[in-house]
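Enquirer: Before we start, here is the structure in question, set down as structure tokens.
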Amino acid sequence: MVFHNCRLKAVSRDKVLFNLNATITQPIDDVTTRARVLKRANGYKPWIVDVTFDACRFMAKKSIPVASIVYGLFKEFTNINHTCPYVGPAIIKDFYLKPELLRLPLPTGDYMLSLQWFFKKRLVADTNASFKFVEDLLKRN
């Protein structure tokens, strides 16, 4: 895998866009992902979600609930939307966390979404996205 671009761009005080442009140089059909949600409390600590799954199988069936939530956050910003084998460009363009897509019931706090990507059981990429979530108890419509 060759990374061409990996950037964060601040567009306002509370919105940062993530851009990634990489190329998978050889066909990959053995992709495993470890997804974790960590909560900040004297450093980031494991919190509720820690799941490892076969990403190729998930893209074919979408049968893992936690992975579906995480994929739902990225789906409209990426070209990674097909089953294995993966080869060629892997792009995430102007990604930002939309709170309405985060379907987990979270209490107010600082969180980090950690995704580790393994190709043929070798760690290829380790991505961490931190965010602050504020619970809206009034839910104005």
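Enquirer: No other cysteine beta carbon under 4.7 Å away is the test; run it over the chain and list who passes.
Expert: CYS6
Enquirer: Contact order normalised by length for the chain, with contacts defined as Cα pairs under 8 Å and 6 or more residues apart; what percent is it?
Expert: 27
Enquirer: Taking the Cβ of VAL87 as the centre, find all other residues whose Cβ is under 15 Å away and add up their charges (Lys, Arg: +1; Asp, Glu: -1).
Expert: Local charge sum for VAL87: -1.
Enquirer: Hey, how much of the P(r) for the chain falls beyond 23 Å, as a percent of Cα pairs?
Expert: 37
Enquirer: Percent antiparallel among DSSP beta bridges with both residues in region 2-133, to the nearest 5?
Expert: 100
Enquirer: With +1 on each Lys and Arg Cβ and -1 on each Asp and Glu Cβ, how big is the dipole of the chain about its Cα centre, in debye rounded to the nearest 20?
Expert: 160
Enquirer: Give me the angle, in degrees from 0 to 90, between the Cα long axis of helix 65-74 and the longest principal axis of the Cα atoms of the chain, rounded to the nearest 10.
Expert: Taking the Cα atoms of the chain, the angle to 65-74 is about 90 degrees.
Read the figures in this text as sums done on the coordinates, not as results from a lab. Predicted model only: the values in this text are computed from it and were never measured. Neighbour counts are summed over all protein chains in view; Cβ atoms, including those assigned to glycine, are modelled from backbone coordinates with ideal geometry.
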